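For reference, the structure is listed below as structure tokens.
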């Protein structure tokens, strides 16, 4: 697991992601269109699946180990 000593370090890591694969994104978007559901019914989840396929360079994208980060703030 990667631990970040500060929010700035996490932000820097997010801005330094590897190049993406447009073909994998197109393939994931095409696959989403064939699934048995109304188009767009999963909202942002569909966009995230396409982004993940593009970032991983494969379709369908795969998650081997899932971790969740929760951030909260108050104005």
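No value in this document is a laboratory result; all are computed from the given coordinates. Bear in mind the structure is a predicted one, so any value in this text is a computation, not a measurement. Ideal geometry is used to build each Cβ from the backbone, glycine not excepted, and the neighbour counts take in all protein chains shown.
Here is a yes/no grid of residues against (1) free of Cβ contacts under 8 Å to residues at least 24 places away in the same chain; (2) outside any helix (DSSP H, G or I); (3) exposed (fewer than 10 other Cβ atoms within 10 Å of the Cβ):
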| site | (1), (2), (3) |
| --- | --- |
| 39 | yes, yes, yes |
| 47 | yes, no, no |
| 51 | no, no, no |
| 65 | yes, yes, yes |
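Residues in the stretch 27-37 that are in contact (Cβ under 8 Å) with a residue 12 or more places away in the chain and out of contact with any helix residue (DSSP H, G or I) (no Cβ under 6 Å at 6 or more places or on another chain) were compared, and the one that is surrounded by the most Cβ atoms within 10 Å (Cβ to Cβ) is 27.
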